1. Return the residue satisfying two criteria in turn: it lies in the stretch 54-92 and is within 27 Å of ALA202 (Cβ to Cβ) and touching a residue at least 60 places away in the same chain (Cβ under 8 Å), and of such residues it is surrounded by the fewest Cβ atoms within 10 Å (Cβ to Cβ).
2. Of all residues being of a type in the set (Lys, Arg), in contact (Cβ under 8 Å) with a residue 12 or more places away in the chain and over 16 Å from VAL72 (Cβ atoms) in the stretch 8-31, which is surrounded by the fewest Cβ atoms within 10 Å (Cβ to Cβ)? Just the residue, please.
3. Taking the stretch 200-220, which residues are β-branched (Val, Ile, Thr) and either closer than 20 Å to VAL48 by Cα or without any contact (Cβ under 8 Å) to a residue 60 or more places away in the chain (or both)?
4. Within the stretch 139-157, track down each residue that is surrounded by fewer than 17 Cβ atoms within 10 Å (Cβ to Cβ) and farther than 30 Å from GLY46 by Cα.
5. Out of THR215, THR209, I need the residue that is in contact with a Lys or Arg (Cβ under 7 Å, 6 or more places away or on another chain) and within 22 Å of THR70 (Cβ to Cβ). Which one?
6. Could you pull out the residue among THR148, THR171, THR152, THR165 that is modelled with pLDDT of 95 or more, polar (S, T, N, Q) and closer than 21 Å to LEU36 by Cβ?
7. Would you please name the residue that is farthest from the chain's Cα centre (by Cα), looking only at residues in the stretch 122-138 that are outside any helix (DSSP H, G or I) and surrounded by 21 or more Cβ atoms within 10 Å (Cβ to Cβ)?
Amino acid sequence: MGDDGGVESTDRARRFFSRFYASMSARMDDEGMGELRAELLGPLSGAVVEIGAGNGRNFARYPAAVEAVTAVEPEPRLRRLATDAAVTSAVTVTVVPGVAERLPLPDGCADAVVLCLVMCSLPDRAAALAEVRRVLRPGGVARFLQHTIAETPGLRAVQRLADATVWPLLTGGCHTATDPVDLLREAGFAIEECRRLRFPDARFTQPSTPHVLGTARAPA
């Protein structure tokens, strides 16, 4: 139980990771992640929920057709940075504390949910995707840009070794050998589009290099 009237806190402090993520995310955007963020968010409109907003690097890239964004972030330092980023966003962004497995939002409140580089670090992905379905209106969409499991056996082995050792400790709980597309299908979503890509493409291959970007639709 927490100290606020007996209510359990949803904060998940990651002090080491949060301290360097701000500069790391800026460098990632310079290396091409900025363009990928714009591609991810470009088709969106209406009311949007962003899960695991980090320090708010997506906010400046939401299109004008988006009416409002509710951004959920459990890490306190990153949430403060996201709140600062929301002030200068061209669309209305409200940053709230919360975890993906228990979103502090009503049923059917969103036309779209954004999952950007977050599924790899969720402790209970099935519960989180059940929450995504709950807050989406019938037929709403989830736009995703995620690490994914590699296509080649050699890199898959490297990913699994990294996930079992130091990688999650250094990267805020990230596990690279996950398959977000299969997880979305198992949660009842229909995959409407999906493409595999490398990021960053200019450097040597890392466990986190394979990515997928696409759209998953909730049942109508």
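The values are calculated or read from the model by the stated rules, or taken from the named source; none is laboratory data. Since we're looking at a predicted model, the values are computed, not measured. Glycine also receives a Cβ, built like all others from the backbone with ideal geometry; neighbour counts cover every protein chain displayed.
1. Restricting to residues being within 27 Å of ALA202 (Cβ to Cβ) and touching a residue at least 60 places away in the same chain (Cβ under 8 Å), the top hit is GLY54.
2. ARG15
3. Those that are β-branched (Val, Ile, Thr) and either closer than 20 Å to VAL48 by Cα or without any contact (Cβ under 8 Å) to a residue 60 or more places away in the chain (or both): THR205, THR209, THR215.
4. GLU151, THR152, PRO153, GLY154, ARG156, ALA157
5. Unique residue meeting the criteria: THR215.
6. THR148
7. Top of the filtered list is LEU136.
Yes/no per residue for (1) of a type in the set (Lys, Arg); (2) in contact with a helix residue (DSSP H, G or I) (Cβ under 9 Å, 6 or more places away or on another chain); (3) within 23 Å of GLY56 (Cβ to Cβ); (4) part of a loop (DSSP other than H, G, I, E, B):
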residue	(1), (2), (3), (4)
VAL113	no, yes, yes, no
GLN146	no, yes, yes, no
ARG160	yes, no, no, no
LEU184	no, yes, no, no
ARG196	yes, no, no, no
ASP201	no, yes, no, yes
ALA220	no, no, no, yes
